[in-house]
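The values are calculated or read from the model by the stated rules, or taken from the named source; none is laboratory data. Only a predicted model underlies this, so the values are computations on that prediction, with no experimental measurement involved. Virtual Cβ from ideal backbone geometry, glycine too; neighbours counted across all protein chains shown.
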């Protein structure tokens with residue numbers, strides 16, 4: 001039933017895109033002469049975007065505070081860097097963090113270092129949505145855009161997670177917090193600019209990064225997506241503000257390679273077991289039936 005609903009939902013997205021003559025088959029929807037070049041070609045059935053890493057990159061110099069870094073006492077080494085991979089232990093002493101957030105990160109670090117949980121929590125790896133902007137760090141499988149005049153869809157191949165960006169200039173009056181919040185967008189100088197509020201905060205497992213940097217429901221994220229490297233890559237900057245978590249905004253960057261990947265079906269919960277008895281976080285389950 002779940003698989004069927006996912007396919008029906010995706011087919012509806014495609015139907016919406018076809019009716020709107022969108023950029024999902026290589027054809028850009030109609031633009032006036034003054035709009036030419038203002039709308040980046042993000043969506044196609046011919047290509048997708050694959051992340052160049054699972055950690056935020058530093059913003060340009062002078063942009064303000066960058067991403068949370070590894071704890072200096074526990075430098076991070078990934079699989080691609082050679083040698084023994086290490087755990088991601090975030091710098092809970094970063095002065096940008098409010099005391100409660102620093103304590104939450106410290107407790108998570110100690111849980112990992114003590115061996116209580118061998119692998120620190122990573123949202124998408126255990127079938128949780130990554131949230132905003134955390135979902136942008138998912139590295140293993142590509143994601144896709146569908147562009148229509150009224151809605152831009154971001155679809156991750158992993159579990160077919162869909163984020164909606166409503167092309168309007170005003171947020172709703174009353175927003176119920178959710179994993180991806182409410183995103184509104186516009187095109188500006190060849191970029192897709194996305195403003196997001198209404199995001200789930202602690203104690204839900206929604207984090208800014210893979211160091212498990214938390215946030216509250218006051219989180220406000222502004223992202224800018226643009227095509228770079230002569231059309232071979234996608235780049236996004238994100239400004240993250242949360243006055244209850246950070247003493248100043250965080251400024252983050254991520255990049256993706258354009259890849260000729262067709263959209264495949266991948267279901268997160270299939271065979272996602274704790275094979276090595278690492279006491280992983282459980283895969284999410286609903287507390288009540290939907291019907």
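How many residues are closer than 19 Å to residue 267 by Cβ and either modelled with pLDDT of 95 or more or in a helix (DSSP H, G or I) (or both) if we restrict to segment 123-152?
Count: 7.
Within segment 191-220, track down each residue that is in contact with a helix residue (DSSP H, G or I) (Cβ under 7 Å, 6 or more places away or on another chain) and at positive phi.
Matches in segment 191-220: 212 only.
Tell me, please, whether a residue that is closer than 23 Å to residue 221 by Cα, at pLDDT 95 or above, assigned to a strand (DSSP E or B) and touching a strand residue (DSSP E or B) at 6+ places or on another chain (Cβ under 6 Å) can be found in segment 57-65.
Looking through segment 57-65, at least one residue is closer than 23 Å to residue 221 by Cα, at pLDDT 95 or above, assigned to a strand (DSSP E or B) and touching a strand residue (DSSP E or B) at 6+ places or on another chain (Cβ under 6 Å).
Kindly evaluate residue 191 against the criterion of being farther than 15 Å from residue 225 by Cα, in contact with a strand residue (DSSP E or B) (Cβ under 9 Å, 6 or more places away or on another chain) and touching a residue at least 12 places away in the same chain (Cβ under 8 Å).
Against the criterion (farther than 15 Å from residue 225 by Cα, in contact with a strand residue (DSSP E or B) (Cβ under 9 Å, 6 or more places away or on another chain) and touching a residue at least 12 places away in the same chain (Cβ under 8 Å)), residue 191 does not qualify.
So which residues in segment 157-177 are farther than 13 Å from residue 225 by Cβ, outside any loop (DSSP other than H, G, I, E, B) and at pLDDT 95 or above?
162, 164, 166
Taking the options 223, 188, 235, 182, name whichever one is surrounded by 18 or more Cβ atoms within 10 Å (Cβ to Cβ), over 18 Å from residue 98 (Cβ atoms) and out of contact with any helix residue (DSSP H, G or I) (no Cβ under 9 Å at 6 or more places or on another chain). Spell out how you get there, then give the answer.
Numbers: 223 fails: out of contact with any helix residue (DSSP H, G or I) (no Cβ under 9 Å at 6 or more places or on another chain); 188 fails: surrounded by 18 or more Cβ atoms within 10 Å (Cβ to Cβ); 235 fails: surrounded by 18 or more Cβ atoms within 10 Å (Cβ to Cβ).
None of the other options fit; the residue is 182.
Looking at the structure I just gave you, is residue 74 at pLDDT 90 or above, in contact with a strand residue (DSSP E or B) (Cβ under 6 Å, 6 or more places away or on another chain), more than 20 Å from residue 229 (Cβ to Cβ) and part of a loop (DSSP other than H, G, I, E, B)?
Details: at pLDDT 90 or above: yes; in contact with a strand residue (DSSP E or B) (Cβ under 6 Å, 6 or more places away or on another chain): no; more than 20 Å from residue 229 (Cβ to Cβ): yes; part of a loop (DSSP other than H, G, I, E, B): yes.
So residue 74 does not fit the description; no.
Assuming residue 94 fulfils every condition listed in (1) part of a loop (DSSP other than H, G, I, E, B); (2) surrounded by fewer than 17 Cβ atoms within 10 Å (Cβ to Cβ); (3) within 24 Å of the chain's Cα centre (by Cα); (4) at pLDDT 90 or above apart from one, which condition is it?
If we test residue 94 against (1) part of a loop (DSSP other than H, G, I, E, B); (2) surrounded by fewer than 17 Cβ atoms within 10 Å (Cβ to Cβ); (3) within 24 Å of the chain's Cα centre (by Cα); (4) at pLDDT 90 or above, just (2) comes out false.
Give segment 120-165 a look and list any residue that's in contact with a helix residue (DSSP H, G or I) (Cβ under 6 Å, 6 or more places away or on another chain) and under 22 Å from residue 201 (Cα atoms), or say none.
Selection gives 120, 130, 138.
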